[in-house]
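A short write-up of the structure that comes next.
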Amino acid sequence: MSTINALLQILFVSIIIFFISGRLIGSNVNLFRRVLSVIISVSFTTFVFWYTYVREHPHYGDEGGVVSVATLLWIGSMLLISMLIYLFFELFDPIALDENSGRYSEKKSIFRKAINYWRYQKRLRAVVKAAVTNGITRTVKYARNRDTDRHLAIALRATLEESGGIFIKFGQVLSTRKELFSPVFIEELKKLQQKVSPMPIEEVHRVLKENYPQGMDEVFSFFEEKPLAAASIGQVHRAVLKNTHEEVVVKILRPQVKTIMREDLNILLDFADWITAKSQWAESLGFKALAEGFANSMKEETDFSIEARNMIQIRNILKQSKLGVKIPKVYEEYSNENILVMEYVKGVSIAELDKYDVSVYIDRHEVARKLIDSYLEQAMVSGIFHADPHPGNIAVNPETGELILLDFGAVCRLSGQQLEGLKLFFIGIQQSDPAILYDAISLLIKNKDEIDRQELEQAIGQILLKISYVNKVPTDEIIYSIFTVIRESGLQFYSPVSLALRVIVTLDGTLNLIDPSINIFEEAKEFMNQFLKASIRKPIQEPVETMQKVQEELALLIPNLRKIPRRFDQFIRKIEDGKVILHHDIFSDKTNAKFVTQLFSKFVLLMVGITFGFISTALLAISQFIETAYAIYLNTAAYLGLFLCAILLVRLSIQAIRDMKRRD
């Protein structure tokens, strides 16, 4: 058999193996890996085939005719090994699979991926080493009392500080979560400070040039080089629009911030996984969920088009408001995901109110009431409201007393049921009624079927007794206590609800800076009373609009009302004929469908593994009766099959153990 013919045959067989093995394995790997697996398989099996058979039969292939058994074994082994390599790539593939759209595509070369993977692992090891060095592993297992809480808080703060970057910002966000963490943690995490240097003006000009092809001189007649403020995500400059001569504020995203943040956020999520696996305290606290929520919010904050949409949305909600709260106008034609151009508004930050002598112009109590009413109005009218009311994001115009809301990177959106639950939550606390609070909580949590009503009401009653007969309800303490009860009961708030409760705590802290005498729950109760009265009076005050709405509703209802008698008659006839059958499809529920699909997939993998095991065992048994060189080749294929069987069964066992741990 000539060398050229042999190479052509190997190439032809390789192409066949490439397509057949890809179809059989069904794994989602890229073209490079498919080609690589076939090359490895062909090279290995061809060498074994030549060494065990062709070398001893120099005239192999010259006789022609029917394909020999040795050739079939060679091709079969090639296919089996190719599938095994596919499975190897699937098991050790670091790229995640997206639930909706499949594999995340990456265009980087394999060398770039290797470098990034090495950097990623180095950074992750540094974070874990910082955690171990600072004593998290020693204290996190025993966080049960105030002393160990203090040690754990110090260890957590030191770890986040040493890790730097996004970890410091994560700690700063955690320091606002008074509803989740005890005062010991809040006190310690507030010490985290992140020094951020402003971007060089050359870099600012480069960003503007990339986003304004016509040139920044065609957009702005004036651009102040010194920033008004600088943060880790971006910085803010004053400017004047060339066309309209309006004063604006230009918010610029730092270059490369998305790439750096994405890498650090992935490491943060891995760190959260690690600390959750080490500690029951972290697991019950939902530390992993906190990290995931933070990661999602950071991804939104690095897209200024989302912030622009949020500002426009809240501005439209408050258009008819009589409170006079100012939301800066967004200039959409000059804004995108990297740049946000807003109206410039004059104001003094609440955080710096005491530095200025504005008491003559500003009624602090009135400003505090207006701030509460504005938030409640946003929530009651639309269920959408500004979600970051810390003092730096609230300003007051010292000349007019007008309230200004800034920074709309985070907005809370509540569904109708969640909004109703939040209303009951305020009423229940104000009236110290555990039954009302229970009804509120049942609308605000995910797993309401697991509630033990009597036990939960007693726990809530104990919390309310602690705050009874006091002049002012301590907002952060009561919400922290309720979160603790919910967590210890194995329940979980919806994510928007958790955000809304955090907003209440942050808002209460801002209100205390403006006017310490204000009571957020009393003001909320008064606002809701006025809101309900206005809702009742509205049909009387606006009869024409009310009639139009009634007519629109009737126009939608009448076609369905006309069908009711006929459908009722059909239903009665089916009952008389015995044709009414109750039917419930388990696949109509997404959770059930997902569970059954996963169970069936595991069953298929189990059967494939067992089949490989049986076939390989049979091949081993057959090889015992063969005394030629075929036996070596047969043994090779059999052992590879057993290896593949073992991989499948081990993989299934790992998945089963993880599923059991997750359920526990």
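The values are calculated or read from the model by the stated rules, or taken from the named source; none is laboratory data. None of the values given here were measured: they were computed from a predicted structure. Neighbour counts run over all protein chains shown; Cβ positions are idealised from the backbone, glycine included. Just the protein is used for accessible areas: all its heavy atoms, side chains included, with ligands, DNA and RNA removed. Shrake-Rupley method; radii C 1.70, N 1.55, O 1.52, S 1.80 Å.
Here is how the numbers come out for the structure above:
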quantity: Which numbered condition His583 misses (of (1) at pLDDT 70 or above; (2) not in a helix (DSSP H, G or I)); calculated: (1)
quantity: Condition met for Phe287 (open to solvent by less than 40 Å² (accessible area, probe 1.4 Å) and free of Cβ contacts under 8 Å to residues at least 24 places away in the same chain); calculated: yes
quantity: Within the range 604-615, tally of residues that are exposed (fewer than 13 other Cβ atoms within 10 Å of the Cβ) and at pLDDT 80 or above; calculated: 2
quantity: Selection status of Ala637, modelled with pLDDT under 70, surrounded by 11 or more Cβ atoms within 10 Å (Cβ to Cβ) and in a helix (DSSP H, G or I); calculated: no
quantity: Subset tally (residues that are in contact (Cβ under 8 Å) with a residue 12 or more places away in the chain and open to solvent by 40 Å² or more (accessible area, probe 1.4 Å)) for the range 325-337; calculated: 5
quantity: From Glu203, Glu218, residue being open to solvent by 80 Å² or more (accessible area, probe 1.4 Å) and either over 30 Å from Lys122 (Cβ atoms) or modelled with pLDDT of 85 or more (or both); calculated: Glu218
quantity: Qualifying residue in the range 404-411 (condition: part of a helix (DSSP H, G or I), open to solvent by 40 Å² or more (accessible area, probe 1.4 Å) and touching a helix residue (DSSP H, G or I) at 6+ places or on another chain (Cβ under 8 Å)); calculated: no
quantity: Hits in the range 290-329 - residues which are of a type outside the set (Lys, Arg) and under 19 Å from Asn397 (Cβ atoms); calculated: Met311, Ile314, Leu318, Ser321, Leu323, Gly324, Val325, Ile327, Pro328
